[in-house]
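The values are calculated or read from the model by the stated rules, or taken from the named source; none is laboratory data. Keep in mind that what you see is a predicted model, and the values were worked out from it rather than measured. FYI the Cβ positions are ideal-geometry reconstructions off the backbone, even for glycines, and counts take in every protein chain you see. Heavy atoms of the whole protein, side chains included, go into the accessibility calculation; ligands, DNA and RNA do not. Shrake-Rupley method; radii C 1.70, N 1.55, O 1.52, S 1.80 Å.
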Amino acid sequence: MQRRWDIFCTVVDNFGDIGVCWRLAKQLTQDHNQKVRLWVDDLLCFSCIAPDVNAEIQQQNVQGVEVCHWQTVFLDVEPADAVIEAFACELPDVYIAAMVRKHKRPVWINLEYLSAEPWVAQYHGLPSPHPRFPLSKTFFFPGFVKGTGGLLREKNLLTQREVFDGVAKRLFLDQKGLCECRTDEIRIALFCYDSAPIENLIGLLSDSLNPVLLIVPQGRAADRIVAILSHAASPDESLIKHKQLTVQIVPFMAQNDYDRLLWSCDINFVRGEDSFVRAQWAGNPFIWNIYPQAEGVHWKKLEAFLDLYTVDMPPEMAIAVREMWFCWNGGKALNATVWMNFLALRESLMQHNKKWIKQLLEQDDLVSGLVQFVENQL
Ligand SMILES: Cc1cn([C@H]2C[C@H](O)[C@@H](COP(=O)(O)OP(=O)(O)O[C@H]3O[C@@H](C)[C@H](O)[C@@H](O)[C@H]3O)O2)c(=O)[nH]c1=O
């Protein structure tokens, strides 16, 4: 049944908050024929991942989703049937009061951050009564195992990814002005935080046995690489060659194109939450730079994911993956042995990732779970 949804998103930092909400809004609209309003407080950040969004327009229709600028003074609007507050952002009081006044109370969901920690399945689906209003919201926890809310996955994602290999891939690379790949060249996409040991990686890739093409979206990591390789920079600074390494700095891409970039590369360095999940659906070897949190809380999350992801790997393979990820997150120095051991696993990781995807497919995707949950409540 077609329901109306309001999704509220505050951009804390980076692109992950709006990245997740935008996918969620699109999937509700396109895969489930729902009517979605997406309230975002930072349209400029949004327009980086969705160039169709005009940061100057307060209310606009983008790919079937009604995009609204969430401003401090919130107008009295009619709440939808289902309301999602993303990542515990606080709904405006005036909106909550309108929810209370509705004859049929909306289903209120707090969509949480993704974690592989075992407690997630226990907390997923728990209600939380509001301290001031006679309403209750439900915690929805995305996750990797049964009993959690699952992961964002469009209905036709894996089919699209399969048919992409071949002509479509070449066309995409061409369109994006990405260098022609030599047969022995390793193509790597790099998206990471400042804390990652980029200097070490650049050194290792420069001395690589094979030529390497490193594709880096504009941003702080790209700036650092330009600084590191300043002696080798070409006049336009978008293509830098140093020994075996070619660095190509590319404009930040629309989200759909970024997916295609992940499908096109031999190895994907990803970060945060959304690109991390997309790298898993891409199926190529990937290395996760986890969002660093105070007091090292993120290490537990990293371990929890690695426990799930490596459990079926032969021990040497599990060790090599753990070592690489540990070093990439600053646990210890990244050296040639760690990198070479990881690189040697490329083929076996492709095979492993096929099994991993199969395992992930055993659970419903996040949006199907949300739609089902809302239908059961209304
Ligand atoms: C590199 C690139 C990314 N993207 C998209 C993919 C994702 O939707 C988004 C990046 O989001 P993430 O991978 O999650 O990384 P992030 O670091 O940008 O976001 C983070 O934000 C913090 C506030 C959260 O606490 C983190 O958990 C995480 O979500 O940007 C593009 O659309 N084009 C690009 O060129």
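Here are the numbers:
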quantity	calculated
Residue match in the range 363-374 (condition: modelled with pLDDT of 95 or more, more than 19 Å from residue 151 (Cβ to Cβ) and either part of a strand (DSSP E or B) or not aliphatic (A, V, I, L, M) (or both))	no
From the options 163, 216, 167, 226, residue that is within 15 Å of the ligand (Cβ to nearest atom) and either without any contact (Cβ under 8 Å) to a residue 60 or more places away in the chain or of a type in the set (Ser, Thr, Tyr) (or both)	216
Condition check for residue 39: without any contact (Cβ under 8 Å) to a residue 60 or more places away in the chain, away from the ligand (no atom under 14 Å from the Cβ), aromatic (Phe, Trp, Tyr) and farther than 21 Å from residue 253 by Cα	yes
Boolean, residue 76 is modelled with pLDDT under 95 and more than 22 Å from residue 139 (Cα to Cα)	yes
Cross-chain or 6+ apart pairs with Cβ under 9 Å, the range 180-201 first and outside the structural domain of residue 287 (by TED's automatic domain parsing), then open to solvent by less than 60 Å² (accessible area, probe 1.4 Å) and assigned to a loop (DSSP other than H, G, I, E, B)	none
Matching residues in the range 286-308 - criterion: being of a type outside the set (Val, Ile, Thr) and farther than 12 Å from residue 325 by Cα	291, 292, 293, 294, 295, 296, 298, 300, 301, 304, 307, 308
Near pairs, Cβ below 7 angstrom, 6+ apart or cross-chain, from the range 1-27 (in contact (Cβ under 8 Å) with a residue 60 or more places away in the chain and over 17 Å from residue 108 (Cα atoms)) to any residue that is among the aromatic types (Phe, Trp, Tyr) and near the ligand (Cβ under 9 Å from one of its atoms)	17/87
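For (1) farther than 28 Å from residue 53 by Cβ; (2) modelled with pLDDT under 95; (3) within 8 Å of the ligand (Cβ to nearest atom); (4) aromatic (Phe, Trp, Tyr), each residue gets a yes or a no:
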| residue | (1), (2), (3), (4) |
| --- | --- |
| 248 | no, yes, no, no |
| 255 | no, no, yes, no |
| 264 | no, no, no, no |
| 272 | no, no, yes, no |
| 278 | no, no, yes, no |
| 289 | no, no, no, no |
| 294 | yes, yes, no, no |
| 301 | yes, no, no, no |
